[in-house]
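Engineer: Below is one structure. I have some questions about it.
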Amino acid sequence: MLMPTTRYGVASSVYTPLQETIAAALAALRQRQAEDGHWCFEFEADCTIPAEYILLMHYMDDIDVLLQSKIAVYLRRHQAEHGGWALYHGGQFDMSASVKVYYALKLAGDSPAAGHMRRARAAILAHGGAERANVFTRITLALFRQVPWRAVPFIPVEMLLLPRWFPMHINKVASWSRTVMVPLFILCSLKAQAKNPSGIGIAELFCQPPFEIHDYFACARKGIVARVFLAMDRLGRALEPFLPGALRRLAIRRAEAWFIARLNGVHGVNGIFPAMVNAHEALALLGYADDHPYRQQTRQALQNLLIERGEEAYCQPCVSPIWDTCWALRALLEITPEPENDALAAMRWLLERQITDAPGDWQESRPDLPGGGWAFQYENSYYPDLDDTAAVAWTLHLAGRSEDRQALERAADWLVGMQSRDGGFGAYDVDNTHYYLNEIPFADHKALLDPPTADVSARVLTFLAALNRPQDRPAIQRLVRYLLNQQEKNGSWFGRWGSNYIYGTWSVLISFAELCDTALQPAMDRATAWLSSVQQADGGWGESNDSYLDPGLAGQGQSSTAAHTAWACLALMAAGDRDSDALRRGIQWLQEHQGEDGEWHDPWFNAPGFPRVFYITYHGYKLYFPLWALSRYQNLHPSA
């Protein structure tokens, strides 16, 4: 046992400097634990989501003036030097984020003549105007009557009636796409209109009058497949007036039933802001009264995402309690392998949230597979995800309690049943690899799908290897082959759900360590050599989200952060490193950069929601991963 609880109250002079750092971080982590045993850190994205919350209030004419003013303060504070708003701290100008934030601030009462608004408008016009915004932004502008409906893709609600064999079917796209799209089909098919009580518009953000622009998809004509889909889009739009009214009514009823079944109470459709907003607006459009239980649920689900602090407020895109609790528990188990009260409370909380027999979209592809997964949010029974499931199950397995075995067996059975044909694992779905769908006009964000990725696959391997069931060996062998094939030439692995190659490399090396297979050591050595090569001069590691745009920036591009440094140190130790210069310097960096409150603080975003279009900072990553890394190093060096 690294640091028995009987020592926590002893004066810090009995600790070594490393133990002092660990004790301070542990105290900070415990202070953030809820009474029922779980953790939920802030989950902060770029300014698009807070801006959309203001837009939502004006769409519905349900405006909380005080909240709006607080969000506006937050939005103004995040304006970048280039005049607009970026998708992550230190990032480049982003057109869509800047258009939405400008519109939100104008709705909130900011004068277009104000200095910050003039700078934003100049930046937007210099980059081609609001007509260059992405599809989701243009849909918002169409709802507010700022652009014609021809500016958005043709997405008729009748798409829900298409047979499964059809190239475009709702079950061929990712879970997040489905839950966003279905209520959006209703809004677009009925050409919903925002109430917008102030009547405010943003015509000044366009280089050309928006209703005189006839081709909003000129930039989308890249490749034969994209051109074919654009032709189909135009054909469908031309034929829409001839669709039977009865067919549309049937499709609307089908879409309505589909998303209502997935409302998920006060936790929201799929637990994600865009799906919640679309469902909330669709319910109003379909005539549900303001006091209807469904409307009350969707309103509360959205309000639950708000973070208010003093004069500021912002809206989270989601909440992450399962994920945060899992990794906080993993750090605790590194300190005290036999669970103590705080760890036991976290374990109970997690076990109570395993999803077993509830209906879920994953059953569309695996109808005979029993459940056993965990979601990301407090509740999301339709959408357990493989990453959370594997991470939670592995962490619970480490505690070594026999009473948890049944839950772990169910989790393992479910995970193995969700393996894709190439041996890897996606986040929510099996074989979600219909890549041609990323070429439809609606998918200009290129994030419509949920294919297997190295980081999720590595998490599954970590758990299956640790559980070591004979029946899982074929799945493990296929999974190892997949991961070896995914290794980059420089020795790293891509990180789909964390930034970026440092995260992916950490994920895979942790999984390979569980296998204890010497045949994997050459691949591990290549990875650690790469990690050492990208270590910064100050001893830490940091990687910009620009690496999603330019792989040449892998492992580089920004100053060191606690999360990246912790991942790199954990990866080195997983690969067998005990005391290299790179590892010692990384541990020293973590010790030197801890704040007085026991935590680590930096402004950098550490994960993509969708690479290139949406990024996040998990606030918990700056505490539980450094604590885990330092504690792991302490266990390798008891006298340190």
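Engineer: Suppose we keep only residues that are touching a residue at least 40 places away in the same chain (Cβ under 8 Å) and of a type in the set (S, T, N, Q) within segment 413-434. Which one would you say is farthest from Asp357 (Cα to Cα)?
Structural biologist: Let us first name the residues in segment 413-434 that are touching a residue at least 40 places away in the same chain (Cβ under 8 Å), namely 413-419, 422-432, 434.
This time we only want the ones that are of a type in the set (S, T, N, Q), so: 419, 432.
Numbers: Gln419: 19, Asn432: 23 Å.
Among residues in segment 413-434 that are touching a residue at least 40 places away in the same chain (Cβ under 8 Å) and of a type in the set (S, T, N, Q), the one farthest from Asp357 (Cα to Cα) is Asn432.
Engineer: Sort out which residues of segment 571-617 are of a type in the set (S, T, N, Q), surrounded by fewer than 18 Cβ atoms within 10 Å (Cβ to Cβ) and in a loop (DSSP other than H, G, I, E, B), and write them in order of number.
Structural biologist: Filtering segment 571-617 down to residues of a type in the set (S, T, N, Q) leaves 580, 588, 591, 594, 606, 617.
Checking the rest, the ones that are also surrounded by fewer than 18 Cβ atoms within 10 Å (Cβ to Cβ) come to 580, 588, 591.
The answer is Ser580, and nothing else.
Engineer: Right, next: Since Gly83 meets every condition but one in (1) part of a loop (DSSP other than H, G, I, E, B); (2) open to solvent by 30 Å² or more (accessible area, probe 1.4 Å); (3) over 30 Å from Ala375 (Cα atoms); (4) in contact with a Phe, Trp or Tyr (Cβ under 9 Å, 6 or more places away or on another chain), which condition does it not meet?
Structural biologist: (2)
Engineer: Of the conditions (1) among the basic types (Lys, Arg); (2) assigned to a loop (DSSP other than H, G, I, E, B); (3) surrounded by 14 or more Cβ atoms within 10 Å (Cβ to Cβ), Arg150 fails just one. Which one is it?
Structural biologist: Single failed check for Arg150: (2).
Engineer: Which one is nearest to Met181 (Cα to Cα) among residues in segment 242-272 that are open to solvent by 30 Å² or more (accessible area, probe 1.4 Å) and part of a loop (DSSP other than H, G, I, E, B)?
Structural biologist: It comes out as Ile272.
Engineer: Restricting to segment 99-130, count the residues that are over 26 Å from Asp64 (Cβ atoms), open to solvent by 10 Å² or more (accessible area, probe 1.4 Å) and not hydrophobic (A, V, I, L, M, F, W, C).
Structural biologist: 6
Engineer: Report, by residue number, each residue of segment 318-331 that is open to solvent by less than 10 Å² (accessible area, probe 1.4 Å) and aliphatic (A, V, I, L, M).
Structural biologist: Ile322, Ala328, Leu329, Ala331
Engineer: Something else about it: Restricting attention to segment 204-235, which residues are open to solvent by less than 60 Å² (accessible area, probe 1.4 Å) and part of a loop (DSSP other than H, G, I, E, B)?
Structural biologist: Across segment 204-235, the qualifying residues are Phe206, Ile213, Asp215, Tyr216, Phe217, Gly223.
Engineer: Show the residue pairs that are 6+ apart or on different chains and have beta-carbon atoms under 9 Å apart, the first residue being within segment 576-605 and farther than 16 Å from Trp628 by Cβ and touching a residue at least 24 places away in the same chain (Cβ under 8 Å), the second being aliphatic (A, V, I, L, M) and assigned to a loop (DSSP other than H, G, I, E, B).
Structural biologist: Between residues of segment 576-605 that are farther than 16 Å from Trp628 by Cβ and touching a residue at least 24 places away in the same chain (Cβ under 8 Å) and residues that are aliphatic (A, V, I, L, M) and assigned to a loop (DSSP other than H, G, I, E, B), the close pairs are Phe605/Leu87.
Engineer: Looking at (1) surrounded by fewer than 23 Cβ atoms within 10 Å (Cβ to Cβ); (2) within 26 Å of the chain's Cα centre (by Cα); (3) among the aliphatic types (A, V, I, L, M), which is the one condition that is false for Ala284?
Structural biologist: So the condition that Ala284 fails would be (2).
Engineer: Let me ask you something else. Mind telling me which of the residues Ser499, Ser511, Ser544 ends up being in contact with a Leu (Cβ under 7 Å, 6 or more places away or on another chain), small (Gly, Ala, Ser) and either surrounded by fewer than 22 Cβ atoms within 10 Å (Cβ to Cβ) or closer than 23 Å to Trp589 by Cα (or both)?
Structural biologist: Sole residue among the options that is in contact with a Leu (Cβ under 7 Å, 6 or more places away or on another chain), small (Gly, Ala, Ser) and either surrounded by fewer than 22 Cβ atoms within 10 Å (Cβ to Cβ) or closer than 23 Å to Trp589 by Cα (or both): Ser544.
Engineer: For segment 329-387, give me each residue that is without any contact (Cβ under 8 Å) to a residue 60 or more places away in the chain, over 20 Å from Asp404 (Cα atoms) and in a helix (DSSP H, G or I).
Structural biologist: Gln363, the sole residue that qualifies.
Engineer: Scan segment 412-455 for residues that are of a type in the set (S, T, N, Q), at pLDDT 90 or above and either in contact with a helix residue (DSSP H, G or I) (Cβ under 6 Å, 6 or more places away or on another chain) or within 30 Å of Tyr216 (Cα to Cα) (or both) and jot them down. Quick ask: steps written out before the conclusion?
Structural biologist: From segment 412-455, those of a type in the set (S, T, N, Q) are 419-420, 432-433, 438, 453; that's our starting set.
Subsequent filtering for residues that are at pLDDT 90 or above retains 419-420, 432-433, 453.
Matches in segment 412-455: Gln419, Asn432, Thr433.
Engineer: So which of Leu437, Leu479 ends up being among the hydrophobic types (A, V, I, L, M, F, W, C), within 30 Å of Val152 (Cα to Cα) and either touching a residue at least 40 places away in the same chain (Cβ under 8 Å) or assigned to a loop (DSSP other than H, G, I, E, B) (or both)?
Structural biologist: Details: Leu479 fails: within 30 Å of Val152 (Cα to Cα).
The unique qualifying residue is Leu437.
Engineer: Return the pairs, sorted by first residue and then second, in which the second residue is of a type in the set (D, E, K, R) and part of a helix (DSSP H, G or I), the first residue lies in segment 133-146 and is touching a residue at least 60 places away in the same chain (Cβ under 8 Å) and under 20 Å from Leu448 (Cβ atoms), the beta carbons are less than 8 Å apart, and the residues are 6+ apart or on different chains.
Structural biologist: Once the first residue is touching a residue at least 60 places away in the same chain (Cβ under 8 Å) and under 20 Å from Leu448 (Cβ atoms) and sits in segment 133-146, its partners that are of a type in the set (D, E, K, R) and part of a helix (DSSP H, G or I) give Thr140/Glu52; Thr140/Lys100.
Engineer: For segment 132-157, give me the residue count where each residue is within 21 Å of Pro197 (Cβ to Cβ), of a type outside the set (Val, Ile, Thr) and under 27 Å from the mean Cα position of the chain (by Cα). Don't jump to the end; show me each part of the working.
Structural biologist: Let us first name the residues in segment 132-157 that are within 21 Å of Pro197 (Cβ to Cβ), namely 139-147.
Still in the running and of a type outside the set (Val, Ile, Thr): 141-146.
Then drop every residue that is not under 27 Å from the mean Cα position of the chain (by Cα), which leaves 141-143.
Residues that pass the stated criteria total 3.
Engineer: Turning to a different aspect of this structure: Does segment 57-70 include one or more residues that are open to solvent by 10 Å² or more (accessible area, probe 1.4 Å), at pLDDT 95 or above, under 29 Å from Glu543 (Cβ atoms) and of a type in the set (Asp, Glu)?
Structural biologist: no
Engineer: Looking only at segment 166-183, decide whether some residue is hydrophobic (A, V, I, L, M, F, W, C), assigned to a helix (DSSP H, G or I) and open to solvent by 40 Å² or more (accessible area, probe 1.4 Å). Break it down stepwise before answering.
Structural biologist: Going through segment 166-183, the residues hydrophobic (A, V, I, L, M, F, W, C) turn out to be 166, 168, 170, 173-174, 176, 180-182.
From what's left, assigned to a helix (DSSP H, G or I): 170, 176, 180-182.
Narrowing the set further to residues that are open to solvent by 40 Å² or more (accessible area, probe 1.4 Å) leaves none.
Within segment 166-183, not a single residue is hydrophobic (A, V, I, L, M, F, W, C), assigned to a helix (DSSP H, G or I) and open to solvent by 40 Å² or more (accessible area, probe 1.4 Å).
Engineer: Sticking with this one: Checking Gly552 against (1) under 24 Å from Ala27 (Cα atoms); (2) open to solvent by 40 Å² or more (accessible area, probe 1.4 Å); (3) of a type outside the set (S, T, N, Q); (4) not in a loop (DSSP other than H, G, I, E, B), which single condition isn't satisfied?
Structural biologist: (1)
Engineer: A further question on this structure: Could you say which residue among Gly37, Gly84 is more than 17 Å from Ala122 (Cα to Cα) and in contact with a helix residue (DSSP H, G or I) (Cβ under 6 Å, 6 or more places away or on another chain)?
Structural biologist: On the way: Gly84 fails: more than 17 Å from Ala122 (Cα to Cα).
Exactly one of Gly37, Gly84 is more than 17 Å from Ala122 (Cα to Cα) and in contact with a helix residue (DSSP H, G or I) (Cβ under 6 Å, 6 or more places away or on another chain), namely Gly37.
Engineer: For segment 306-317, what are the residues that are at pLDDT 95 or above and surrounded by fewer than 23 Cβ atoms within 10 Å (Cβ to Cβ)? Walk me through how you get there before you give the answer.
Structural biologist: From segment 306-317, those at pLDDT 95 or above are 306-308, 311-317; that's our starting set.
If the condition is that a residue be at pLDDT 95 or above and surrounded by fewer than 23 Cβ atoms within 10 Å (Cβ to Cβ), then Leu306, Ile307, Glu308, Glu311, Glu312, Ala313, Gln316, Pro317 are the ones that fit.
Engineer: For a quick check of your reading of the model, give me the residue pairs whose first member lies in segment 526-542 and is over 13 Å from Ala566 (Cβ atoms), whose second is assigned to a loop (DSSP other than H, G, I, E, B) and hydrophobic (A, V, I, L, M, F, W, C), with beta-carbon atoms closer than 9 Å and at least 6 apart or on different chains.
Structural biologist: Partner pairs satisfying both residue conditions: Ala527/Trp493; Ala527/Ala575; Thr528/Ala575; Trp530/Ala554; Val534/Ala554.
Engineer: Somewhere in segment 184-203, is a residue open to solvent by 60 Å² or more (accessible area, probe 1.4 Å) and in a helix (DSSP H, G or I)?
Structural biologist: Within segment 184-203, one or more residues are open to solvent by 60 Å² or more (accessible area, probe 1.4 Å) and in a helix (DSSP H, G or I).
For every residue, the table says whether it meets (1) assigned to a helix (DSSP H, G or I); (2) of a type in the set (S, T, N, Q); (3) under 30 Å from Gln354 (Cβ atoms).
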position: Glu281; (1), (2), (3): yes, no, no
position: Ala289; (1), (2), (3): no, no, no
position: Arg295; (1), (2), (3): yes, no, no
position: Cys318; (1), (2), (3): no, no, yes
position: Asp324; (1), (2), (3): yes, no, yes
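Engineer: Sort out which residues of segment 471-518 are under 23 Å from Ile616 (Cβ atoms) and β-branched (Val, Ile, Thr), and write them in order of number.
Structural biologist: The answer is Ile502, Thr505, Val508, Ile510.
Engineer: Hey, does segment 333-350 have a residue that's under 30 Å from Pro50 (Cα atoms) and open to solvent by 30 Å² or more (accessible area, probe 1.4 Å)?
Structural biologist: No, because not a single residue in segment 333-350 is under 30 Å from Pro50 (Cα atoms) and open to solvent by 30 Å² or more (accessible area, probe 1.4 Å).
Engineer: State whether one or more residues within segment 297-305 are at pLDDT 95 or above and assigned to a loop (DSSP other than H, G, I, E, B). Quick ask: steps written out before the conclusion?
Structural biologist: At the first step, the residues of segment 297-305 found to be at pLDDT 95 or above are 297-305.
Imposing the further condition that a residue be assigned to a loop (DSSP other than H, G, I, E, B) reduces the set to 304-305.
Among the residues of segment 297-305, at least one is at pLDDT 95 or above and assigned to a loop (DSSP other than H, G, I, E, B), which makes the answer yes.
Engineer: Return a yes/no flag: does segment 382-405 have any residue that is of a type in the set (Gly, Ala, Ser) and open to solvent by 50 Å² or more (accessible area, probe 1.4 Å). Explain how you work it out, then say what you get.
Structural biologist: Keep residues of segment 382-405 that are of a type in the set (Gly, Ala, Ser), which gives 390-391, 393, 399-400, 402.
After this cut, where a residue has to be open to solvent by 50 Å² or more (accessible area, probe 1.4 Å) as well, the list is 400, 402.
Checked segment 382-405: at least one residue is of a type in the set (Gly, Ala, Ser) and open to solvent by 50 Å² or more (accessible area, probe 1.4 Å).
The values are calculated or read from the model by the stated rules, or taken from the named source; none is laboratory data. Here the structure is a predicted model, which means the values were calculated and not measured. We place every Cβ from the backbone using ideal geometry, glycine too, and count neighbours over all the protein chains shown. Note: areas computed on protein heavy atoms with side chains; ligands, DNA, RNA excluded. Shrake-Rupley method; radii C 1.70, N 1.55, O 1.52, S 1.80 Å.
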